[in-house]
Every structure is written in structure tokens, then in C-alpha cells.
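Here is the structure we will look at, set down as C-alpha cells.
The values are calculated or read from the model by the stated rules, or taken from the named source; none is laboratory data. On a predicted model such as this, the values are computed, not experimentally measured, just so you know. When we count neighbours, we look across all protein chains shown, and the Cβ atoms used for this are built from the backbone with ideal geometry, even at glycine.
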Amino acid sequence: MGTTIENPALYPTMTAMENMEAQRIMLGIKNKKMRVELLELVGIGTTGKKKAKDFSLGMKQRLMLALSLMGEPEFLVLDEPTNGLDPVGI
């Protein structure tokens with residue numbers, strides 16, 4: 001099961017990739033490529049060294065979606081997943 005909440009719970013001093021890596025390790029997922037694939041899927045694969053605290057609300061939402069998809073869950077619970085997203089992101 002993957003989830004998101006209204007206010008994204010991210011590590012603010014970490015990059016998108018570092019947040020994804022922390023989630024990957026916590027879930028015990030061995031596939032490291034999944035981090036890159038999911039960030040590209042949600043449209044933030046090129047954020048580089050930018051810290052999550054400096055992301056726009058839409059970027060934080062995209063990162064939370066990527067985190068919730070980690071591990072290929074069969075069921076997603078999304079609380080206001082389109083809040084702060086642009087029309088393309090929605």
C-alpha cells in the first residue's frame with residue numbers, strides 16, 4: 001500500500017533522490033533504478049542537488065507521489081494529491 005498526506009512529510013535537507021533512497025532502504029527494496037524511474041515518471045527527475053525544503057508545493061506533491069509509488073503498491077491512498085500541481089501534473 002502506498003500513501004500520501006495533505007502536507008508532504010519529506011526530509012527537507014535532502015534532495016529528491018536522497019528522499020527516494022531513504023524510502024527505498026526503509027522498505028527494503030533492492031532495485032536502485034526504481035528511484036530514478038519514479039522521479040522521471042512524476043516529472044522531477046532533473047532536480048539535481050536542490051533540497052526538498054526549496055521545492056515548490058507542486059514539486060513536493062510530485063515527490064510524495066513518487067515516494068508513495070515506491071515498491072509498486074497494489075493500493076494507493078492519496079489525500080489531496082493534486083493540491084499544488086499544475087494541469088500537466090494533474
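At-a-glance table
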{"quantity": "Filtered residues of the range 1-35 (kept if among the hydrophobic types (A, V, I, L, M, F, W, C), within 12 Å of residue 71 (Cα to Cα) and in a loop (DSSP other than H, G, I, E, B))", "calculated": "1, 29"}
{"quantity": "Selected residue (criterion: modelled with the lowest pLDDT) from residues of the range 45-81 that are aliphatic (A, V, I, L, M) and not in a helix (DSSP H, G or I)", "calculated": "78"}
{"quantity": "Filter result (in contact (Cβ under 8 Å) with a residue 24 or more places away in the chain, closer than 22 Å to residue 90 by Cα and over 11 Å from the mean Cα position of the chain (by Cα)) within the range 3-50", "calculated": "5, 6, 34, 47"}
{"quantity": "Among residues of the range 48-63, those that are surrounded by 18 or more Cβ atoms within 10 Å (Cβ to Cβ) and in contact with a helix residue (DSSP H, G or I) (Cβ under 9 Å, 6 or more places away or on another chain), counted", "calculated": "6"}
